[in-house]
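Note sheet for the following structure.
The values are calculated or read from the model by the stated rules, or taken from the named source; none is laboratory data. None of the values given here were measured: they were computed from a predicted structure. Using ideal geometry, Cβ is built from the backbone for each residue, glycine included, and neighbour counts are taken over all protein chains shown. Protein only, heavy atoms only, side chains kept; ligands, DNA and RNA dropped before computing areas. Shrake-Rupley method; radii C 1.70, N 1.55, O 1.52, S 1.80 Å.
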Amino acid sequence: MPHSLYARMIVAAIVPFMIMLTGCLALYHASQVEQHTARSVAQTLEVIADANHLMRLFMDAETAQRGYALTRDGDYLAPYQRALSTFPLTLRRLKEASNDEIQYRRLEQANHLFRQWIKDVATDSIIKTRSENTELLPLDDKASKRLVDDFRTVMRTFIDTEQDAFHARQVDSQDAAKRAQHIMVWSILLALVSALLTWWPLFRRTRHAVSEITQRSQRMVAGDLSQRVALRGRDEFAWMANTFNAMAARLEALVATEQRTSRELAERVNVLVRDRTREMRARHDLVEALQACRSTQEAQSTLRDQLPRVFANTLGGTLWCLDAHTAVPHRICQWGEDKGDVNGDECLTLNDGGIRDVTLPAAQDAEVCSHLRTAHPGRHLCIPLKGTQGPVGILHLHLASTTDETGNGDPQAEFAKGAAENMALSLSNVRLREQLEEASIRDALTGLYNRRFLDDTLTRELARAERQPGPLSVLMLDIDHFKPINDDHGHALGDRALIEVAELLVDNVRRGDIVCRYGGEEFLIIMPGAGLSAARQRGEHLRQQVATLDIPRDDATPLHLTISLGLACYPQHGEDAATLLHHADMALYEAKQGGRNRLAIAND
């Protein structure tokens, strides 16, 4: 059998395809360059913003120091304290984002100027202002102005350099976009020209051969069996003409038809068996993966990765899940032609817990959930995921076939329902496991971590402080005169006081600090990375904040509380958890003995 026509068709298809492929590869490369440049531009903007923020911190600190020196008002030191805590974090981000050695040295110089200003100007000014009782001291403007001007010069040079780099990267991004446009235009033009040059001769040959065979066939059907197709050449059309001219063509056509029918039937059976096997294996793998998950987030990530493979035979689908503390569903994954989100108030499946099996656009509006009204035509299945403690999600599938097209019942729908039951049960088990774990480490009244969690965490944080040398402070506090509150006003008011104090502590500590209920009216705060001075300032702040609490009572007179605090720091006061807690407890006892409503530091 000749293959010249096939070869020409393959060449005619491959040449434009290769041109387009080459253009796409070049376009992809250009787009990657553009994306990289865009990321560099965004990073440069963040660096410039952080640099400006660093300058503002210094300016705010200098203004606060001068205001305090002039007025002796302690409120002026709030921006100064904030600058001391925020300046190192902003400087660290700038150093991490800077890839230039010169820029890095400028940041080091700026840090040195800031620290020198604190040491030579701010600290001395604040100490002298606090120690004087008669009149305000004159400010040392020359030293302060020299350091501030040097700092401003260094940072402006740093910002100007980053802005120059930003403009250069913007130009690179524009050039990359232009190159991508040129590549796309030339690829399309070349592909069209090559397709025209290769397909036109094939079109002429095909039109002539089809016309000749059609005319001879019509005459032969009319009864003129002497008709023969006259086509010259060595291609496939010439071979078809010779076959047509043979009297055995009809028998060969019948045999070919029978063979083709048998082959198609076998292929359909093989496809059916392969699809069912794949679906069952995917479902089994999904169940095993969900059973191995330790958290709801991990289970949802597993569903996001595996559901498109489990329902590969569908046209699309979406999975929404419900969190334990909210009834609003949020989308976990979406694939295929599916689109849209669920409105919890309008989703019929979520409201009544029934399965929705509708075919669009024939279905009535009363039978269709809100998220299906803009869906693609076809059969849609909306299945609720019913857990042991209520609904945990909704699964929507756009099926590839209707019920009438399946000769053996409805295998796609049955498979989807079984998989939905597995997912619902697995998600319920994971959620129950999380609730049990959370209950084991949380105090039931205040929601703070309990003593069990405290012991494990303190041991772990002390080990980390030993590996990465750094301080760690423990602040133990107790509500003053708490027993008379329970005795005089009842345990309900006492519980309310504990809850209010717990919420205040959580709102006024750093993100990395750990607040626990130590027992009764005692609380304990673990402060990783906080030295004695910082922890003492934080404790005094907490003591003052608690004193401002107004806890309402039935007689309309608010209840006011005070706390006593004991502070111990690693490694000064102990290198293990038991010793550190003992010193903090002794310091708390000292604060109680000293009159309450105060902070005491453990003895070395």
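In the P(r) worked out for the range 470-515, what percent of Cα pairs fall beyond 13 Å? Each step should come with its number before you reach the end.
Values: 665 of 1035 pairs.
Within the range 470-515, distances greater than 13 Å cover 64 percent of Cα pairs.
Using only the Cα atoms, what convex hull volume per residue in Å³ does the range 483-604 have?
Values: hull volume 12.6 nm³, N = 122.
Normalising the Cα hull of the range 483-604 by residue number yields 104 Å³.
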- Task: State, to one decimal in nm, how far the label point of residue 35 lies from the label point of residue 554, with both points 7 Å from Cα in the Cβ direction.
- Result: 6.6 nm
- Message: What does the net charge come to around residue 110 if you take all other residues with beta carbon closer than 11 Å to its beta carbon, with K and R at +1 and D and E at -1?
- Response: +4
- Of the heavy-atom accessible surface of the range 414-459 (probe 1.4 angstrom), what whole percent is carbon and sulfur? 51 percent
- Message: If I stretch the segment between residue 193 and residue 264 completely, what's the gain in nm (0.36 nm per residue apart, minus their alpha carbon distance), one decimal?
- Response: 21.7 nm
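Work out how much length residue 11 to residue 414 would gain on full extension: take 0.36 nm times their residue separation and subtract the Cα-Cα distance, in nm to one decimal. Mind showing how you got there, number by number?
Values: separation 403, 0.36 × 403 = 145.08 nm, distance 4.68 nm.
Contour length minus the Cα-Cα distance gives 140.4 nm.
Would you mind working out the magnitude of the charge dipole of the chain relative to its Cα centre, with +1 at each Lys and Arg C-beta and -1 at each Asp and Glu C-beta, to the nearest 20 Debye? Display every interim value, and only then the final one.
Values: 70 positive and 81 negative charges, 629 e Å.
Roughly 3020 debye for the chain.
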- Item | Estimated distance in nm for a label pair at residue 440 and residue 507, the labels positioned 7 Å out from Cα along Cα-to-Cβ | 3.3 nm
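Rounded to the nearest 500, what is the 222 nm mean residue ellipticity of the chain from helices alone, with -39500 (n - 2.57) per DSSP H run of 4+ residues and division by all residues? Working shown, then result.
Values: 15 runs with 375 residues, N = 604.
Dividing the helical sum by the residues of the chain leaves -22000 deg cm²/dmol.
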- Query: Computed FRET efficiency, Cβ-Cβ of residue 108 and residue 463, R0 51 Å: what is it to the nearest 0.05?
  - Reply: 0.95
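May I ask you to compute the full-extension gain from residue 46 to residue 184, defined as 0.36 nm times their residue separation minus their alpha-carbon distance, rounded to one decimal in nm?
This chain segment gains 46.4 nm when fully extended.
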- log₁₀ of I(q)/I(0) at q = 0.27 Å⁻¹ - the range 494-554, Debye sum with one point per alpha carbon: -1.29
- With a Förster radius of 45 Å, plug the Cβ-Cβ distance of residue 143 and residue 495 into 1/(1 + (r/R0)^6) and report the FRET value to the nearest 0.05. 0.20
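Tell me the per residue accessible area of the range 61-165 using a 1.4 Å probe; a whole number in Å² is fine. Walk me through the numbers on the way to the answer.
Numbers: 6100 Å² over 105 residues.
On a per-residue basis, 58 Å².
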- Would you be so kind as to identify which of 504, 157, 565 lies farthest towards the positive end of the dipole of the chain, taking Lys and Arg as +1 and Asp and Glu as -1 on Cβ and the Cα centre as origin? 157
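Shape of the range 415-526 from its Cα gyration tensor (a ≥ b ≥ c, root eigenvalues): rounded if a/c is under 1.5, otherwise prolate when a/b > b/c, or oblate? Each step should come with its number before you reach the end.
Values: a/c = 3.26, a/b = 1.42, b/c = 2.30.
Oblate is the answer for the range 415-526, as a/c is 1.5 or above yet b/c matches or exceeds a/b.
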- Based on the Kirkwood radius over alpha-carbon pairs, what is the Stokes-Einstein translational diffusion coefficient of the range 1-103 at 20 °C with 1.002 mPa s viscosity, in µm²/s? 113 µm²/s
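The chain: percent of C-alpha pairs farther apart than 40 Å? Please report the intermediate quantities before stating the final value.
Values: 113671 of 182106 pairs.
Above the 40 Å cut-off, the chain has 62 percent of its Cα pairs.
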- Query: Label points 7 Å out from Cα along the Cβ direction at residue 163 and residue 175: separation in nm?
  - Reply: 2.3 nm
